[in-house]
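Trainee: Just passing along the structure, written as structure tokens.
The values are calculated or read from the model by the stated rules, or taken from the named source; none is laboratory data. None of these values were measured; they are calculated from a predicted model. Cβ sites come from the backbone with ideal geometry, for glycine too, and all protein chains shown count toward neighbours. The protein model used for the area step is the full one, side chains on, heavy atoms only, and it has no ligands, DNA or RNA in it. Shrake-Rupley method; radii C 1.70, N 1.55, O 1.52, S 1.80 Å.
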Amino acid sequence: MGKHKQRSTSGSSSDRKKHKKKHHHTKKEVKQEHVKKEECQQPQQQEIIKEKPCFEASGILAQYAENALGNGKVLKFTIPFDAKIPIANWQLFPFKGTQSYPSISLKGKSVFLIGKDKEIVDIFIENISVSKQHCVIQFREIKKVNSQGEVLSYIKPYAMDLESTNGTYLNEQQLEPARYYELLEEDVLRFGKSDREYVLIKS
């Protein structure tokens, strides 16, 4: 199964903030339009604690030969045992500069395959630099025990590059292939050399 990995924080927090800043006004408009919630109904959120990094190879791409489809094609990933369909409404909002495009819903499935093979992908990207099976967004159920001994369950999104030719970028930092990276709301994904960016929003 794939191991998940925390993004490095050394020297990258300022870059991440700068990269997100250019999307600030656009994302604000998106959230106002698509997320209509009263603040008084929102529970107080706890501080987000990122998972510790794991540098072991995931082994997922070595197992992909077992995942043959009926059409003779082979998936380059396996769905992990802790895969879970999210309850929250997660969406990707594509942008190219200041131009926005229709949002992409991440509902009803635990995994979304991104690439340019129309026959098998969930999110099609028509760009010569994007691989046929480029990246997956995988929702996983993470369980933790709190100080009172209670088991808490969270469904979190992760991204994994499928050894694409031109890479997957999270907030302009290239992901190591075949490893899961935790995604946070308002993170920005980019695939290959495409200048279209995808902002992750939860409503």
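Trainee: Taking the stretch 141-190 as the search range and keeping residues that are among the polar types (S, T, N, Q) and assigned to a strand (DSSP E or B), which one is farthest from residue 74 (Cα to Cα)?
Mentor: Looking at residues that are among the polar types (S, T, N, Q) and assigned to a strand (DSSP E or B), I get 153.
Trainee: Can you report the number of residues in the stretch 96-140 which are outside any loop (DSSP other than H, G, I, E, B), of a type in the set (Phe, Trp, Tyr) and farther than 18 Å from residue 177 by Cβ?
Mentor: Selection size over the stretch 96-140: 2.
Trainee: Pairs please, first residue from the stretch 104-129 and open to solvent by less than 60 Å² (accessible area, probe 1.4 Å), second anywhere and hydroxyl-bearing (Ser, Thr, Tyr), Cβ atoms under 7 Å, 6+ apart in sequence or on different chains.
Mentor: Every condition considered, the pairs that remain are 115/131; 125/194; 127/194; 129/194.
Trainee: Of the residues in the stretch 178-189, how many are surrounded by fewer than 20 Cβ atoms within 10 Å (Cβ to Cβ) and either farther than 18 Å from residue 140 by Cα or among the charged types (D, E, K, R) (or both)?
Mentor: The total comes to 3.
Trainee: Quick check on my filter: what residues within the stretch 152-174 are open to solvent by 10 Å² or more (accessible area, probe 1.4 Å) and among the aliphatic types (A, V, I, L, M)?
Mentor: If the condition is that a residue be open to solvent by 10 Å² or more (accessible area, probe 1.4 Å) and among the aliphatic types (A, V, I, L, M), then 152, 155 are the ones that fit.
Trainee: Next question. Quick check on the stretch 66-83: of everything there that is open to solvent by 80 Å² or more (accessible area, probe 1.4 Å) and more than 21 Å from the chain's Cα centre (by Cα), which residue is modelled with the highest pLDDT?
Mentor: 71
Trainee: If a residue has to be under 21 Å from residue 199 (Cα atoms) and either over 13 Å from the mean Cα position of the chain (by Cα) or modelled with pLDDT under 95 (or both) to count, how many in the stretch 129-153 make the cut?
Mentor: The total comes to 4.
Trainee: Also, I was wondering about something else. Residue under question is residue 164, and the condition is that it be more than 22 Å from residue 83 (Cα to Cα) and in contact with a strand residue (DSSP E or B) (Cβ under 8 Å, 6 or more places away or on another chain); does it hold?
Mentor: Yes; evaluated as a whole, the condition is true for this residue.
Trainee: Residue under question is residue 99, and the condition is that it be over 21 Å from the mean Cα position of the chain (by Cα) and modelled with pLDDT of 95 or more; does it hold?
Mentor: yes
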